[in-house]
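**Q** Take this structure, written in structure tokens, and hold onto it; I'll ask about it next.
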Amino acid sequence: MNTFAGEQAKWRVEGIVDAPVEQVVEALLTVRPGAAGVEGNALVLAGDHTGEAGAVTLEGGPEKFTGRFGTSGEDYLELTVDRAACSVAVQTWFGGTYTVEPDGDASRVVLQVHNVVPGAGRLGRKVAEIGIESRLEKVLTSVLAALSAHLGVPAPAPATAE
């Protein structure tokens, strides 16, 4: 699905994890079939989808995964892991890409978002864009916290929109 291929990012949110890039990249790229948020699997979904362990179960792999939320199974998501680019693309209520950049001895995690609610029509997208930066900051802050906890480093400062 990843409907944002070729689209320019409309929003950028970033934050710092106090760990070396290699460790953060490995944690970010750890995605496998099964329950997301369990044993470090798919921490990239911690920001919006796995408030409780097993809320999302992933299928597929090793690069492309699909999943559904909760018991309804209606809300679909797709993850694409690109090891060469050290990135994870996500398509859920938003379509974006998570990457990691060096920041001194720490790591800067960047979320670039290309679309929101694809297929919802122009009005639906406009409504979804209300307060989008604040929502994306919360999403990335949760991902940063999950990465930090997994790596055993101090909790990060909140993410900020650019």
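**Q** From the phi of every residue in region 24-41, what ³J(HN,Hα) in whole Hz does the Karplus formula 6.51 cos²θ - 1.76 cosθ + 1.60 yield, where θ is phi - 60° and glycine or proline is x?
**A** 5, 4, 4, 5, 5, 7, 6, 9, 8, x, x, 5, 6, x, 9, 6, x, 7
**Q** Report the local net charge at T57: Lys and Arg +1, Asp and Glu -1, summed over other residues whose C-beta lies under 12 Å from its C-beta.
**A** Result for the local shell: +1.
**Q** Could I ask something else about it? Step through the residues of region 149-156 one at a time and calculate ³J(HN,Hα) from phi using the Karplus curve (6.51 cos²θ - 1.76 cosθ + 1.60, θ = phi - 60°), rounding each to whole Hz and writing x for Gly and Pro.
**A** Values, residue by residue: 5, 4, 8, x, 10, x, 4, x Hz.
**Q** When all protein chains stay in place, what accessible area (Å², nearest 10, 1.4 Å probe) is found for K64?
**A** Per-residue accessible area (K64): approximately 130 Å².
The values are calculated or read from the model by the stated rules, or taken from the named source; none is laboratory data. What you see is a predicted model, and the numbers here were worked out from it, not measured in a lab. Note: ideal-geometry Cβ built from the backbone for every residue, glycine included; neighbour counts use all protein chains shown. Surface areas here come from the heavy atoms of the whole protein model, side chains and all, with no ligands, DNA or RNA. Shrake-Rupley method; radii C 1.70, N 1.55, O 1.52, S 1.80 Å.
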